[in-house]
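Please find one structure pasted underneath; my questions will follow.
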Number of protein chains: 2
Amino acid sequence: MLDEIIAKITSQYDTLSNEIIEEWKSDILMLELEKGTQLVREGSYTNKLFYIYKGSAKAYHLKDGKAIADWFSFEHEFICAITGYFLGHPSEHYIELTEDSILLEFNRKHINILSNKYHDFERFTRNAITKIMLQLQKRVVYLQFSTAKERYDFLLKEYPKIELHISLGDIASYIGITQETLSRIRAQK
Amino acid sequence: MLDEIIAKITSQYDTLSNEIIEEWKSDILMLELEKGTQLVREGSYTNKLFYIYKGSAKAYHLKDGKAIADWFSFEHEFICAITGYFLGHPSEHYIELTEDSILLEFNRKHINILSNKYHDFERFTRNAITKIMLQLQKRVVYLQFSTAKERYDFLLKEYPKIELHISLGDIASYIGITQETLSRIRAQK
DNA sequence: AGTCGAATTTGATCTATATCAAAAGATTTC
DNA sequence: GAAATCTTTTGATATAGATCAAATTCGACT
């Protein structure tokens, strides 16, 4: 099963040689965890990167005591506590499963070792980061200047089935509006 | 002078061998252009990446006929029409110099050739993209849920001297508020 | 199946910021 | 250096969406 998942991951980016994949596999954890499990807590040092095989997860932070969603990850996507992972700072984010999930856990050190050792793996990580960067760029554009309804419509275009997996409150905070406002937008559809 | 600039760039990320630098130099254009010059226009295909050595530039797009700033770049920073460059789509952005500037122009094809040929160069580009990604992440956080004043304070912390280089209207659109609101925030300092 | 707690909806009110308009200041141009 | 143009400020008003509060619906657990 792990082979199958890795085949799926590499098909999304670049093909990697068997040699690289074998070495990579030696340090991957496969986890099956239930909804609500916290993978990362705010303030902790984290060097973990997750790949969702089944299920979904969210990264969020607290502002004035309220949870604000920062990143959702669904099947075949990565998620990490972004500043913690890339900068080595204590995490500003929590990561929590929003459904019962099967996921892979990678370790930053091991990823870096592989990136340094294999040019192909370095390219692979660059492509993964580029994808995250472009997703963030899209979010900036619609957070900058658009109405609550435009934000919601944009999100639905990106993730048509998000409602099946993520609660209204989390969706609202992700697009920068209150849950009451989102509820009213939904009502008039 | 080109050598000096390249030394500065690589010192910000990773050291590159002389061999790589020589090959890289063979396809770099150095430009001295005046304020207001448009480097990229909306709708055009663009495979150019710029590095600001002196001066500054902005990327912006039009929404309902109004210019909305997406990215500022100051001395020793990169700028490109992000979706055009990374996805090969017609550009959604304009890029324009906000001051008389000296800049380097790189070509995507050449960058990609170097990245494929040299592992060290691949790592260098990954680091540059990671930096852009982290900048975008920070912007998302403050655009998501903060008041006009919080956004402005945050921007000033990031770029204390931005006022010397960028007009009030551009700054306002960058943080997602109107210029009248920004003017009033400034007034009560 | 019924109970309890959480999530969502609905209602009433408030407020930060947008919008529209015009004046005041800067900067560029010939 | 006066005219023209662009940028910033100030004022008056409108409004999208926040906030506060309560009712309703949903879902998990015994």
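The values are calculated or read from the model by the stated rules, or taken from the named source; none is laboratory data. On a predicted model such as this, the values are computed, not experimentally measured, just so you know. Cβ sites come from the backbone with ideal geometry, for glycine too, and all protein chains shown count toward neighbours. All accessible areas refer to the heavy atoms of the entire protein, side chains included, with ligands and DNA or RNA removed. Shrake-Rupley method; radii C 1.70, N 1.55, O 1.52, S 1.80 Å.
Can you tell me how the protein assembly as shown classifies by the Cα gyration tensor, rounded, prolate or oblate, using a/c under 1.5 as the rounded cut?
Values: a/c = 1.87, a/b = 1.08, b/c = 1.74.
Oblate is the answer for the protein assembly as shown, as a/c is 1.5 or above yet b/c matches or exceeds a/b.
May I ask you to give the solvent-accessible area per residue for segment A:2-116, in square angstrom, as obtained with a 1.4 angstrom probe?
That works out to 46 Å² for each residue.
Pairing the Cα long axis of helix B:108-117 with the longest principal axis of chain B, what angle in degrees results, from 0 to 90 and rounded to the nearest 10?
It works out to around 50 degrees.
Could you work out what % of the accessible surface of segment A:2-116 is carbon and sulfur, using a 1.4 angstrom probe and leaving DNA, RNA and ligands out of the count? Numbers along the way, then the final one.
On the way: 2520 of 5340 Å².
Result for segment A:2-116: 47 percent of the exposed heavy-atom area is carbon or sulfur.
Can you give me the distance in nm between label points at A:Asp27 and A:Ala187, each placed 7 Å from the Cα along the Cα-to-Cβ direction?
Modelled inter-label distance: 5.3 nm.
Quick one: if the Förster radius is 35 Å, what FRET efficiency do A:Glu34 and B:Lys149 give, using the C-beta to C-beta distance and rounding to 0.05?
Numbers: r = 42 Å, r/R0 = 1.20.
E(calc), rounded to 0.05, equals 0.25.
With labels modelled as points extended 7 Å from the Cα through the Cβ direction, what inter-label distance (nm, one decimal) is found for B:Asn47 paired with B:Glu158?
With each label placed 7 Å out from Cα toward Cβ, I get 3.0 nm.
Against the longest alpha carbon principal axis of chain B, how many degrees, from 0 to 90 and to the nearest 10, is the axis of helix B:2-12 turned?
Approximately 70 degrees, to the nearest 10.
Do the sum for chain B: with -39,500 (n - 2.57) for every DSSP H run of n ≥ 4, divided by all residues, what is the mean residue ellipticity at 222 nm, to the nearest 500 deg cm²/dmol? Mind dumping the intermediate values first?
Details: 8 runs with 88 residues, N = 189.
Mean residue ellipticity at 222 nm (helix-derived): -14000 deg cm²/dmol.
Would you check the accessible area of A:Ile113, probe 1.4 Å, heavy atoms only, in square angstrom rounded to 10?
100
Which parts of segment B:90-123 would a label at B:Leu62 reach, counting a residue when its backbone N lies under 18 Å from a point 7 Å out along Cα-to-Cβ?
From segment B:90-123, the list is B:90-97.
Based on the Cβ-Cβ distance from B:Glu19 to A:Asn112, what FRET efficiency comes out when R0 is 30 Å, to the nearest 0.05?
Details: r = 24 Å, r/R0 = 0.81.
My answer for the efficiency is 0.80.
Could you report the buried accessible area between B and A, both sides summed, computed with a 1.4 Å probe and given in Å² to the nearest 100? Kindly include the intermediate steps, with their values, before the conclusion.
Details: alone 10550 and 10570 Å², together 17750 Å².
Interface area, both chains combined: 3400 Å², rounded to the nearest 100.
Mind checking which aspartates and glutamates have their Cα closer than 20 Å to the Cα of B:Lys149? Skip sequence neighbours fewer than 8 apart in that chain.
Of all the aspartates and glutamates, those that pass the test against B:Lys149 - Cα under 20 Å, at least 8 places apart if same chain - are A:Asp64, B:Asp70, B:Glu158, B:Glu163, B:Asp170, B:Glu180.
A further question on this structure: Measure nothing but the geometry: give the 0 to 90° angle between the long axis through the Cα atoms of B:148-158 and the longest principal axis through the Cα atoms of chain B, rounded to 10°.
Value to nearest ten degrees: 30.
If you average the sequence gap of Cα pairs under 8 Å that are 6 or more apart and divide by the length of chain A, what percent do you get for the contact order? Could you put the intermediate results ahead of the total?
Values: 289 pairs, mean separation 43.5, N = 189.
Worked out over chain A, it gives 23 percent.
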